Every structure is written in structure tokens, then in C-alpha cells.
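*Asks:* Quick one: the structure is below, questions incoming.
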Amino acid sequence: MAAEAARESQFEDYVVRTRKLTKIYAMGDQTLRALDSVDLDIKRGEYISIMGPSGSGKSTLFNMVGGLDKPSEGTVFINETDMAQLDAAELAWIRCRTVGYIFQAFNLIPVMTALENITLPMVFAGLSTDEQLQRGRALLERVGLGDRLHHRPSELSGGQQQRVAIARALANDPDIILADEPTANLDLRTGKEIIELLREMNKERGVTVISATHDLHMIDISDRVVWVRDGAIEKIEARSDVELTVGQVDWEQESGTAAVAESAKKE
Amino acid sequence: MASQTGSWKVGKVSLPPRVALEISWKSIQVRFGRAMITAAGTCLGIAFLVSVWTNIAIMHGAGVEMEPDEEMRNNWLVIMSLLVAAVGISNSMFMAVTERYREIGTMKCLGAVDRFVVELFLIESGMLGGVGAIIGGVGGFLILMLVSLFKRQAGDFFGMDWGYMGTHFLYAVGIGILISVLAAALPAARAAKLPPAAALRTDV
Ligand SMILES: Nc1ncnc2c1ncn2[C@@H]1O[C@H](COP(=O)(O)OP(=O)(O)O)[C@@H](O)[C@H]1O
Ligand SMILES: [Mg+2]
């Protein structure tokens, strides 16, 4: 019993832990280590930005942590559960209840209205119809789309679609929101609004946000920034360290990639 | 159990049949034009099949003794039309599924297990196949009726073996639904089996 308690207190704070997480893609007779032995611990309630140039392995990390793909080596623990031990139905449950996903391309179901998109994960989770509607409405109102319940994605702007996606990610009150370049398809101002909304949700609900990006505007609001390069963690900076580094970044610059490359060079 | 620690418990996801029906029906409704193109594959194949069977029913009715090579020819036509139906339906269903890999990947991100995805496509393709087969069957039948009227052989037409006609019409509709469902289920099952990351990456 005592050992059990000790183990729990040791892990309690970490909602995500990866150990030697490795993904190898085979391409013809060549292999590519898209992720190379990544150890990353993320505390409950943190807002983490995964920062790195295109091709550095952000999406690969996102897919492994979210249970959307299987690692080649190493493990991901979510709430102490080793994802490799789960069968297909249990993985589906985790995707449904524990993780919410936000994508660059929004990925709403095109034939469904905003409200239906948000209630679908609640259907899978087994909520009653009343609960679904009530929660769905409240979430859409919270993200500022209370008047767009019955619009389909094609009838919404990019920023509005991403708001629906945020509401959908929150549908089953997940522990973690994973966002893969959520602002990459949006203009600068809309992108900032989306990031601020994510940060508000993180503070309001205590949901852990892990956001892959190469947009330096993300840094501003992150608790920690994880810099990745060539599939490995280059460095992890707490907010206070980051502010120093980013002092020199030109905020008007549109292209986050160039800025990231530069700041990495200065390092 | 590895998946159960403290208050945190992994449960089972569900998709009630009523909701599955609703989702499939909505999918057809919203994509109506696209759905009709898919159904048209079934429609054409079954129209051909029914027209061949109608012809045979007319010959039965007229008491025509079929010569062996005529019988051969008819069997051959039936086989041909089945092939046309199978190819037409598979092709359009296959397209309809591959267009939707991203949607399938998204559903799995939201908690769908493979079975839900296959179920949704089974229902949808069954409905489309049914509608396409009935329209195609009626169409094939009507075309032969018009042809007989035009040739002033109305007597032969209405004197056909209606029992044979009726059962074979039902066969044709059944075959249309069956091929449609199979043709959709196989690619849907394959897509559903992919890890969500792979399904989401596939752009068609
Ligand atoms: N399915 C795949 N097959 C082969 N290589 C891949 C695949 N997915 C990603 N890669 C490669 O892995 C590396 C990391 O990709 P990715 O994680 O998408 O980077 P990022 O999201 O940071 O842009 C890249 O070199 C990319 O080409
Ligand atoms: Mg990426």
C-alpha cells in the first residue's frame, strides 16, 4: 500500500510522460528517425508549446502522444497509463475522453453542423441527448459561436471553424488538448485570438494544452517552450527564460519559421 | 488491469444504432449530388440486369422454346450484366470511400472504433444501393416495355411470365444492395484499420 501511494505521488503531477519515445519511418531502403529517444514530462495544467522548424518532428510527437500512431520504440504514459498496453477499444476511449485534438486544417466533419460536430464525441462517450445538446450549446457559446449552432463548416470562416474545433476538443472535458499548428491556416490576428482562447480554456478548466507550432507568438503565453530539432529536444525553457530569448524577435514578422531559425542560430 | 489506476478508468465507447442511422442519412442528404452519382453506378448495372431478365420473362411468357445457343446467349448476358453492375458499383463506392479518409481519421480521433466507421459506411451504402437498384430495376423494366410497345409487341410484353419477373426483380435489387454494401465495406474497413494519423494524412 505504501509503495502504491509513493508511486502515485511521484506521477500524480504528470499528465503526459514520454520515455525514449522514438519513431522511425522506413522509406524504401532508407530509414528516418523522425523522433529520437524523446523524454518529456508534462505537468497537469501546463500550457506547453512545441517549437521547431518544419520537419523537426512536431507532428510526429503530437501523433504519438495523442495515440494517433504507434511509436517504433519507447512509451507514452497518459495519466500513468502506458498507451502501449491498451487495446483498440481502450485507445478509442482515451481519444474520446482524455485527449482533445486541434488541427491545422480544422478537420471538422463537413456534413455536420457546428453543434453536431461537437456532440459527436459526446455520442461516442455515451452521454444522453439532453446532456449533449446542453453541453454543446454552452461550449459553442463559450467560444463565441452561440449564433452559429446550425452552420456547417463550409458556412464558417477559418477562425470560426477553429473555434468549433476547440469546442469539440473540449466536448468530453479532456485532461489534454493537443493542437498541431492551430494557427497555421489563419491570418495573424485570427491566429492570436485562437491562441488566446486556448490559453483561457487552459486557465479556466485546468486542461493541459500541448501545442505544436512554429509561430513565435505562442511563446508569449506558454508556461514552457520545448524546442525540437531533427526529432530531438534541443532545450526546454520556462516562461521566464523565454522572455529573455525572444526579446530580440521582431513581432511584426509574419513568418514564424524564419524567426525560429534565427533564434536557434543565436543560441 | 494496466488501464485502470485509482479513480481513472478506461471505459467503452458507443454508437447507438439510431444515431448511426441519423448520421448516415444526413451524410446522403447533405452530399445529395455526390450520393446520386454513387447510386447511379448501381442504377446502371441493375437496369442492365433487369432488362435481360425482363427479356427472358417475355420469352417464357410467349412459350418460346429456347434453343441451346439462345439459352447460352442469355446466360452470358446475365453474367455480363452482373459484371457491369459489380464493376460500376465497386468503382463508384470505392471513390466515395477514398474521398473520405480524412473524415474517417477525424472520427477515430473523436473516439470512434473501427467498427463504427464500417457500420456507418454499411448503412450509407445499403441505403444508396437500395435506392439505386430500385430505380435502375424499374428503369430497365420500363425501357423494355417501351421497346415492346414501339415494336407493337405489347401482347408479348404483358403476357410475360410475371412470376419469373417478380422474383428476378427482387433478386436484382438484392444483388444491387449486396454489391454496394460489399463494395463500400471493404475499402471502409481498410481505411478504418489505419492508424488515425495515416488516415488524416491521406489526401485524395
Ligand atoms: N508518414 C511518414 N512517412 C515518412 N516520413 C514521414 C512521415 N511523417 C513524417 N515524416 C518525416 O518525419 C519528419 C518529421 O515530420 P513532422 O513530424 O511532420 O514534422 P513537423 O510537424 O515538425 O513539420 C520529416 O522529415 C517528415 O518528412
Ligand atoms: Mg507538422
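The values are calculated or read from the model by the stated rules, or taken from the named source; none is laboratory data. This structure is a prediction, so every number in the text was calculated from the model and none was measured. Quick reminder, even Gly has a Cβ in these numbers, built from the backbone with ideal geometry, and neighbours come from all protein chains shown. In case anyone asks, the SASA skips ligands and DNA or RNA and just uses the protein heavy atoms, side chains included. Shrake-Rupley method; radii C 1.70, N 1.55, O 1.52, S 1.80 Å.
*Asks:* Exactly one condition in (1) out of contact with any Gly (no Cβ under 9 Å at 6 or more places or on another chain); (2) open to solvent by 20 Å² or more (accessible area, probe 1.4 Å); (3) more than 30 Å from A:Met83 (Cα to Cα) is not met by B:Asn74; state its number.
*Replies:* With (1) out of contact with any Gly (no Cβ under 9 Å at 6 or more places or on another chain); (2) open to solvent by 20 Å² or more (accessible area, probe 1.4 Å); (3) more than 30 Å from A:Met83 (Cα to Cα) applied to B:Asn74, the lone miss is (2).
*Asks:* Residues of the stretch A:108-138 being open to solvent by 10 Å² or more (accessible area, probe 1.4 Å), in a helix (DSSP H, G or I) and of a type outside the set (A, V, I, L, M, F, W, C), which ones?
*Replies:* Scanning the stretch A:108-138 gives A:Glu116, A:Thr119, A:Thr129, A:Asp130, A:Glu131, A:Gln132, A:Gln134, A:Arg135, A:Arg137.
*Asks:* Out of (1) free of Cβ contacts under 8 Å to residues at least 40 places away in the same chain; (2) surrounded by 17 or more Cβ atoms within 10 Å (Cβ to Cβ); (3) over 30 Å from B:Ala189 (Cα atoms), what's the single condition that is false for B:Arg31?
*Replies:* Condition not satisfied by B:Arg31: (3).
*Asks:* Next question, about the same structure. Enumerate the pairs (first residue in the stretch A:197-219 and within 14 Å of another protein chain (Cβ to nearest Cβ) and within 16 Å of ligand 2 (Cβ to nearest atom); second residue anywhere and among the polar types (S, T, N, Q) and assigned to a helix (DSSP H, G or I)) with beta-carbon separation below 7 Å, excluding pairs fewer than 6 apart on the same chain, so at least 6 apart or on different chains.
*Replies:* Pairs that qualify, where the first residue is within 14 Å of another protein chain (Cβ to nearest Cβ) and within 16 Å of ligand 2 (Cβ to nearest atom) and the partner is among the polar types (S, T, N, Q) and assigned to a helix (DSSP H, G or I), are A:Ala212/A:Ser59.
*Asks:* Report, ordered by the first and then the second residue, all pairs with beta carbons closer than 6 Å, sequence separation of six or more or different chains, a first member in the stretch A:52-63 that is over 13 Å from A:Gln104 (Cβ atoms), and a second member that is within 8 Å of ligand 2 (Cβ to nearest atom) and of a type outside the set (A, V, I, L, M).
*Replies:* What qualifies is A:Gly52/A:Lys58.
*Asks:* For B:Ile79, which of the numbered conditions (1) closer than 21 Å to B:Gly140 by Cα; (2) touching a residue at least 40 places away in the same chain (Cβ under 8 Å) fails to hold?
*Replies:* For B:Ile79, the failing item is (2).
*Asks:* Looking at this structure, is B:Leu44 open to solvent by 70 Å² or more (accessible area, probe 1.4 Å), within 14 Å of chain A (Cβ to nearest Cβ) and on the phi < 0 side of the Ramachandran plot?
*Replies:* no
*Asks:* Still on this structure, I have one more. Residues that are farther than 29 Å from A:Phe103 by Cβ, at least 1 per element: which helices (runs of 4 or more DSSP H) completely within the stretch B:1-119 meet that?
*Replies:* B:17-30, B:32-61, B:68-98
*Asks:* Can you name the condition, by its number, that B:Ala188 falls short on among (1) surrounded by fewer than 18 Cβ atoms within 10 Å (Cβ to Cβ); (2) more than 14 Å from chain A (Cβ to nearest Cβ); (3) closer than 30 Å to A:Ser59 by Cβ?
*Replies:* B:Ala188 satisfies all of (1) surrounded by fewer than 18 Cβ atoms within 10 Å (Cβ to Cβ); (2) more than 14 Å from chain A (Cβ to nearest Cβ); (3) closer than 30 Å to A:Ser59 by Cβ except (1).
*Asks:* Search the stretch A:48-93 for residues being open to solvent by 10 Å² or more (accessible area, probe 1.4 Å), assigned to a strand (DSSP E or B) and away from ligand 1 (no atom under 16 Å from the Cβ), and hand back the single one that is nearest to A:Tyr14 (Cα to Cα).
*Replies:* A:Phe77
*Asks:* Take the stretch A:1-35 and flag every residue that is modelled with pLDDT of 95 or more, more than 10 Å from ligand 1 (Cβ to nearest atom) and either over 18 Å from the mean Cα position of the chain (by Cα) or open to solvent by 70 Å² or more (accessible area, probe 1.4 Å) (or both).
*Replies:* Across the stretch A:1-35, the qualifying residues are A:Arg19, A:Lys20, A:Thr22.
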